[in-house]
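**Student:** Got a structure for you, questions after.
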Amino acid sequence: MTETHVSADTIRSIFSAAMTQMYRDEVPRYKEMTRIVGEIDGEALARDPALEARLRRSGAFDLVGVERHGAIRVGRPEELAGLRRLFAVMGMYPVGYYDLSPAGVPVHSTCFRPVAAESLRRCPFRIFTSLLRPELIEGEDLRREAQEILARRRIFTPRCLHLIELFEANGGLGEAQAIDFVHEALHTFRWRGEATVTAGVYEAYRKAHPLVADVVCFHGPHINHLTLPTLDIDAVQEALAERGLDPKSIVEGPPPRQFPILLRQTSFKAIAEPVRFSGRDEARGEHRARFGEIEQRGAALTAKGRALYDRLLAETLAANAPRDGATGDYRAELKSRFAAFPDDAATLRAQGLAFFRYTPGENRSARGDVETLLREGALIAEPITYEDFLPVSAAGIFQSNLGEGGRRDLSACANREAFEHALGTKVADEMAIYAHEEKTSLARALGVGERSPMAENAGR
């Protein structure tokens, strides 16, 4: 906090806590999932004291059990651009472009998240944000009507827009303004069990695609899920089934490993929530869109590592599709294929498959190149955590919560240019962010620019 302005990290922390409480109140099943994750994490820490030590050393221990991300869907470019301005108040910026249309989901997406390592340590909360691609709605009449419906709604309160403008004009918000901003911003993401259309219109869009109905037929981009981190996602998956929370049949992402990579995700399936439709009869029905998700993050992969991951996953899917149709076979195939992916830090680093953060070790008098400094304990290399998303995994989560109606063959291709035009800026390259963190951490650890034996000899 400066003398007059609250830091973006602080506003994001307040917003994350407020949104978490709102969602727990709205979705009681999510509250039960939170209890399950807490129990599993407690057991993991009790049986592995070294795990707690690693978490404390990395600064991640205080973030155990703290929500990592939410997800929303918007319908118009103007809504996406408005969200960019809103999230900027909280130090969250668009990173990465994700095209979900190859998996039959008519959206493309980005992740609004903090970028600086210190900001991520303070509050890693992020929002996976998808924009509807109306050109992928089947039927010209439905496409035209969807755009007319969406054009009539306003997803931000006037007070929220005013506070965003104050932030942009003054470079920040005062304490009272920041609290007011969080309160107003929550209205954008709140669930309201009232559709903006009649039951008949809703049903037409639900038949076209359940996700289209979720975007077009309601007042705004209600949070469709929040995500808790866990220290043992496979144990949580089993516990969800045992407690009757109806998890999806597989954990998305790579198989279980000694050295975790990228992102593993699962969820309980979307709940049926009562909805009142517009029109003179005010018909009542139900809508399924909101669920709870669990994630376990591992190391960020380099372009070389990601190419290997994508190839092995594609081979698995080709050999065993659909995933949810033959769960046991899919798991076995995934494990077998990923035997080709090195499973220890030293090999991943040596082969340039993952990104690492470097810190000085205890042996400060050692000399030599980086490899020598690592062997002699003068340098320590720790994996950089993957902070982004996997399009195949995201699509798998979406589909499992949309039901069979969420599976479509869409004839489409990525359109990053159109997405960035709607956004009003380019999305950041996540690979460049990880590479920069690795490079700068090594320079700091070596004392580059300082007179030290490590700095003088590291390149020799």
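**Student:** So the label point goes 7 Å from the Cα of Ala340 along Cα→C-beta, right? Which residues of segment 272-307 then have their backbone N under 13 Å from it?
**Tutor:** 307
**Student:** Please list the non-local residues whose amide H lies under 5 Å from the amide H of Arg126, H modeled 1.01 Å from N, same-chain partners needing a gap of 5 or more.
**Tutor:** Counting only residues 5 or more places away or on other chains, the set is His69, Gly70.
**Student:** Under the rule a/c < 1.5 gives rounded, and otherwise a/b versus b/c splits prolate from oblate, where does segment 22-85 land using the Cα gyration tensor?
**Tutor:** Oblate.
**Student:** Under a point spin-label approximation (7 Å from Cα along Cα-to-Cβ), what is the Glu52-Glu362 distance to one decimal in nm?
**Tutor:** 2.2 nm
**Student:** If you take every DSSP beta bridge whose two residues both sit in the chain, what share of them, in percent to the nearest 5, is antiparallel?
**Tutor:** 70 percent
**Student:** Same structure again: Helix by helix, which DSSP H runs in the chain go 20 Å or more along their axis at the Cα atoms and have an average Kyte-Doolittle hydropathy of 1.6 or more? Provide the component values of the computation, followed by the final result.
**Tutor:** On the way: long enough: 8-26 (26 Å, -0.33); 28-47 (30 Å, -0.67); 175-189 (22 Å, 0.16); 303-319 (24 Å, 0.11); 430-446 (24 Å, -0.22).
Membrane-span-like by this criterion, though nothing is claimed about a membrane: none.
**Student:** For Cα extents along the principal axes in Å, several values are listed as (1) 81, 59, 43; (2) 65, 49, 45; (3) 55, 48, 45; flag the one computed from this structure.
**Tutor:** (1)
**Student:** I've got another one for you. Please work out how much length the chain gains when fully extended from Asp141 to Val66, using 0.36 nm per residue of separation minus the C-alpha to C-alpha distance, in nm with one decimal.
**Tutor:** That works out to 22.6 nm of additional length.
**Student:** Testing the spin-label approximation: label points 7 Å from Cα along Cα→Cβ at Ala272 and Ala81. State their distance in nm.
**Tutor:** Between Ala272 and Ala81, the simple spin-label model gives 4.1 nm.
**Student:** When the helix-only estimate is applied to the chain (DSSP H runs of n ≥ 4, each -39,500 (n - 2.57), divided by the residue count), what is the mean residue ellipticity at 222 nm, nearest 500 deg cm²/dmol?
**Tutor:** Computed mean residue ellipticity for the chain: -14500 deg cm²/dmol.
**Student:** Please compute P(r) over all alpha-carbon pairs of segment 198-326, binned at 5 Å starting from zero, and give each bin as a whole-number percent.
**Tutor:** 2, 9, 14, 16, 15, 15, 12, 8, 5, 3, 1, 0
**Student:** Short version: ³J(HN,Hα) in whole Hz for each residue of segment 221-230, in order, from phi by Karplus 6.51 cos²θ - 1.76 cosθ + 1.60 (θ = phi - 60°), x for Gly and Pro, what are they?
**Tutor:** So the J values, rounded to whole Hz, are x, 3, 4, 8, 6, 10, 10, 9, x, 9.
**Student:** Related question: Please state the shape class of segment 51-146: rounded when a/c is under 1.5, otherwise prolate if a/b exceeds b/c and oblate if not, all from the C-alpha gyration tensor.
**Tutor:** Working: a/c = 3.69, a/b = 2.32, b/c = 1.59.
Prolate, because a/c is 1.5 or more and a/b exceeds b/c.
All of the numbers you see were taken from the coordinates with simple rules; none came from a lab. Because the structure is predicted, anything quoted here is derived from the model rather than measured. Counting neighbours? That spans all protein chains shown, and the Cβs are built from the backbone with ideal geometry, glycine included.
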